[in-house]
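Just passing along the structure, written as structure tokens.
FYI, it's all coordinate maths here, none of it is from the lab. The structure displayed is predicted, hence computed values, not measured ones. Glycine also receives a Cβ, built like all others from the backbone with ideal geometry; neighbour counts cover every protein chain displayed.
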Amino acid sequence: MRRDVLRWLAGAMAAAMVLSAGPAGAQEGQLDLIRRDVRSPRTKPPSDNAVPGPDTASAEYRYSDEFGKSDEDDTGFWETLATPLATSGAAVGLVLAASPIWVPHGLMGDDFAIEAEFPRFPYDHTPGYMLVDNWSPRARWWAGRFQAEFRDDFDRLEHAGGRLLLETTSRWGLDLRATHFEERLASGRHDTLWLGDANLVFRFAQSEHWQWRGGVGLNWLDDRFDTDFGVNLTYGFDFFPRRPWVLSTTLDWGTLGSAQRFRLATTAGVALHGIETYTGYEFQSIDRFHANSLVAGVRIWF
């Protein structure tokens, strides 16, 4: 009798442990969700290569034979009408798609002939950040900035990272970013991964108060299991309204492995003698992963 009671208690305890553990997927965190979406194989929808059956073919043949034409002959008029409409629609779509570039370029009055150099830091012998008509003995043909920032989405996920942006008077530059993610799992363990991008950028519109840039590059993800890459498109601007304010916005969109990545960040900061402290907001999406984060950081202009 005593053995039966002990066996029953042991079985009940084992069942309770299994039920409390829940499904294996419940132990997975947000970073593991990113991995699954990035590294899951893409499945192509089955192609419709159905061959018309004999009944369909014979019916079409009978219709052509009886009336001297088929249904396909009636589409010539509509194709002739649709061709110019499709061409004009594509042209309008192309103009609208390029508006984020040509609109700021036109508003800045930038004809690519304006010679502008860089000061040491924002508001150094200039009302903004570039020396257009203001001469300075410290003017340079290149400029750089490095930033270190911390993000918190008020969950178990924290991410800290940095960015390096190098620019030249030729308008070409290099934009590098890396972020380290660390997640506290319900089991008490910690999960980590690195996420970043590297882009070749071009400053397509510039003035003393505004600089707009766009570019193309690659996204990357690295962890203890593997490294994945994708294509990235970047777009952003810096606005220097008046000393000491700096407003910045960056938008990134592209692919990462089998997933799509989108990122939007906007910050407002105060720059004093080459050191800027800023705060802002960032939204990042990688397929099923979504994070809204407050951002705080320091940017060094050099």
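Return the long-range amide H neighbours of SER258 (sequence gap of 5 or more, or a different chain), with a cut-off of under 5 Å between placed amide H atoms.
Here the answer is ARG39, SER40, since their amide H atoms fall under 5 Å of that of SER258.
Shifting gears a bit: Go ahead and collect, in residue order, the members of the stretch 202-220 whose backbone nitrogen is under 13 Å from a label point 7 Å along the Cα-Cβ direction of PHE239.
Label zone hits: 209-212.
Also, I was wondering about something else. From the phi angles alone, apply the Karplus equation (6.51, -1.76, 1.60; θ = phi - 60°) to the stretch 194-208 and give each ³J(HN,Hα) in whole Hz, x where the residue is Gly or Pro.
These are the phi-based 3J(HN,Hα) values: 10, 9, x, 8, 9, 9, 8, 10, 10, 8, 8, 8, 8, 7, 5 Hz.
Just to be sure I understand the model, the point goes 7 Å from the Cα along the line to the Cβ. What's the resulting ILE275 to ARG156 distance in nm?
Each label point lies 7 Å from its Cα, and together they span 3.7 nm.
Can you give the local net charge around PRO119? Use residues other than it whose beta-carbon is closer than 9 angstrom to its beta-carbon, Lys and Arg +1, Asp and Glu -1.
In short, +1.
Estimate the FRET efficiency between THR249 and SER187 by the formula 1/(1 + (r/R0)^6), using the beta-carbon distance for r and 51 Å for R0, to the nearest 0.05.
For THR249 and SER187, the calculated efficiency is 0.85.
Per residue of the stretch 265-273, in order, report the coupling 6.51 cos²θ - 1.76 cosθ + 1.60 (Karplus, θ = phi - 60°) as ³J(HN,Hα) in whole Hz, putting x for Gly and Pro.
3J(HN,Hα) across the stretch 265-273, in whole Hz: 9, 9, 9, 10, x, 10, 10, 10, 6.
Could you point to the residue in TRP301, ALA113, GLY188 farthest towards the positive end of the stretch 105-301's charge dipole, with +1 and -1 charges on the Cβ of Lys/Arg and Asp/Glu respectively?
Of TRP301, ALA113, GLY188, it is TRP301.
In the neighborhood of GLU276, defined by Cβ-to-Cβ distances under 10 Å, what is the net charge if each Lys or Arg adds +1 and each Asp or Glu adds -1?
Once all neighbours under 10 Å are counted, the net charge is +2.
Would you calculate the separation in nanometres between label points at ALA98 and ARG224, each defined as 7 Å from the Cα along the Cα-to-beta-carbon direction?
With each label point 7 Å from Cα toward Cβ, the separation is 5.0 nm.
Rounded, prolate or oblate, given the Cα gyration tensor of the stretch 105-301, with a/c below 1.5 counting as rounded?
Prolate.
Below 8 Å, C-alpha to C-alpha, sequence gap of six or more: please give me the relative contact order for the stretch 105-301 in percent.
17
Between rounded, prolate and oblate, where does the stretch 134-214 land on the alpha carbon gyration tensor, with a ≥ b ≥ c its root eigenvalues, rounded for a/c under 1.5, else prolate if a/b exceeds b/c?
prolate
Right, here's the next one. Please compute the net charge surrounding SER170, taking Lys and Arg as +1 and Asp and Glu as -1 over other residues with Cβ under 12 Å from its Cβ.
-1
A further question on this structure: Please state the charge dipole magnitude for the stretch 188-272, taken about the Cα centre, from unit charges on C-beta atoms (+1 on K and R, -1 on D and E), reported in debye and rounded to the nearest 20.
Result for the stretch 188-272 is approximately 380 debye, rounded to the nearest 20.
Can you put PHE112, PHE302 in order, fewest other beta carbons within 10 Å first?
In increasing order of surrounding Cβ atoms, one gets PHE112, PHE302.
Test of understanding: ordering MET130, MET108 by Cβ neighbours within 10 Å, fewest first, what list do you get?
Ranked by crowding around the Cβ, least crowded first: MET108, MET130.
Next up: Given contacts defined as C-alpha pairs under 8 Å and at least six residues apart, what's the relative contact order of the stretch 140-191, whole-number percent?
Relative contact order here is 31 percent.
Kindly provide the GluC sites (Glu not before Pro) of the stretch 177-223 that DSSP labels as loop, not H, G, I, E or B, and whose Cβ sees at most 13 other Cβ atoms within 10 Å.
none
Once you have a ≥ b ≥ c as the square roots of the Cα gyration tensor eigenvalues for the stretch 168-251, tell me rounded if a/c is under 1.5, and otherwise prolate or oblate according to whether a/b is larger than b/c.
Oblate, because a/c is 1.5 or more while a/b does not exceed b/c.
How big is the dipole moment of the stretch 105-301 about its Cα centre under a simple scheme where the beta carbon of each Lys and Arg is +1, that of each Asp and Glu is -1, and everything else is neutral? Debye, nearest 20, please.
My answer is approximately 320 debye.
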